[in-house]
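Engineer: I'd like to ask some things about the structure below.
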Amino acid sequence: MNIVVSKPKIFLSHAAADIELVEAFQTLLTQYLGITSADIFCSSLSGQGAPKGMPFVDSIRAHAEAADAVVALITPAYLESAFCLGELGAAWVLQTQRFPVVVPPADFSAMTATLLGIVGVKLNDTIELQQMLEELGIAIKKKAPAAGVRGRAIRDFEKTWERDVLPILAGPKKIDVAVHKAKQTELEEAIKARDDAEDLLLQANKQIEALKKAKDKADVAKIENEFADTSWQEKFDEIVREIRDHRSEVGGMEIIRLLILDRMGRGKPVDHLNYPDEADRAIELGIYDEERRSWNTGTEEVKQLYKLLDAMDDLFEEYPEAAKALKARGERSDPTTIKFWEEHL
């Protein structure tokens, strides 16, 4: 049977059981890439699947062949569906560009040979997801919307994912051996972390008892200094130093400031007027796309910068006392604000 199909830009491969996720992710694709639902073939969404009267399997195969790219939402339900894995395998045979998205509670260890070495991204890793969407936009030859529009699309999706999708997403009905081993390792690490926490609690209780016995402020200060953990300061200084040293990799400190703003969803174009040399250098290095007026966040240089920013976020999570100490010194202590970075860099 000779089947005539429309040519979708994206074939969204998914499990029918994950319909809430599919609807939310399709909205993200349309908003982030500046496309319409008509550009996406999705068998579970009304008006975007197989036309009425056309054999379903034949339609799936024909649209997968016609698409510019295949995006696969790898969930537990997907991994347990032979039909879904067959779709992804067909995309490999047809040499269609594939973009696997691993959806928790699934993880990379659960991926089968059907993916054939293609590197996937984690749905709940914002940086990885944005980089994949940028690459997807290139694959379908679509000029991306403004950075602010893309930032809002990501934030809206994250809210929907955490509030509406994750709580009802079906878990796996069977566990792969590799996944079981990984979870066993996680359990062992959690037990060790618990034991370490108990040691810290014991030390804190000793400090409290010592403070209770102190008779004056000098004694209290001496005890606090004795028990204080200042290891965060060394890590803090190292991260700041590495970010400063990274300026030559992206074009300058102003470029770093603009990249931080872009990561916060408040992207701005390069400032040719006040920072002509840095602007030209960022364009020359491929950090900034002058034609699209957007930042190339998929470059290794920008990825490394974002890793350093993530390291700072991790530091404040690991050392809650760091924020208190900075505030006590009259310094900014919230790395999610641009003023924090302007002060410390």
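No value in this document is a laboratory result; all are computed from the given coordinates. It should be emphasised that the depicted structure is a prediction, and the values quoted were computed from it without experimental measurement. All Cβ positions, even for glycine, are placed from backbone atoms using ideal geometry, and neighbour counts span all protein chains on display.
Engineer: Could you compute the net charge surrounding Met132? Neighbours are other residues with a C-beta less than 12 Å from the C-beta of Met132; K and R count +1, D and E count -1.
Structural biologist: Numbers: positive: Arg98, Lys122; negative: Asp125, Glu128, Glu134, Glu135.
Local net charge: -2.
Engineer: Next question, about the same structure. Mind jotting down the distance between the C-alpha centroids of segment 294-324 and segment 135-170, whole Å?
Structural biologist: Value for the Cα centre distance between the two parts: 21 Å.
Engineer: Now for a different question. Compute the signed sum of charges (Lys and Arg +1, Asp and Glu -1) over the other residues within less than 13 Å, Cβ to Cβ, of Glu20. Present the calculation step by step, with values, prior to reporting the outcome.
Structural biologist: On the way: positive: Arg163; negative: Asp18, Glu23, Glu162, Asp164.
Residues near Glu20 contribute -3 overall.
Engineer: Which of the peptides 293-304, 265-276 is most tightly packed, and how do the rest follow, going by the mean number of other Cβ atoms within 10 Å of each residue?
Structural biologist: Numbers: 293-304: 17.3, 265-276: 14.2.
Result, highest mean first: 293-304, 265-276.
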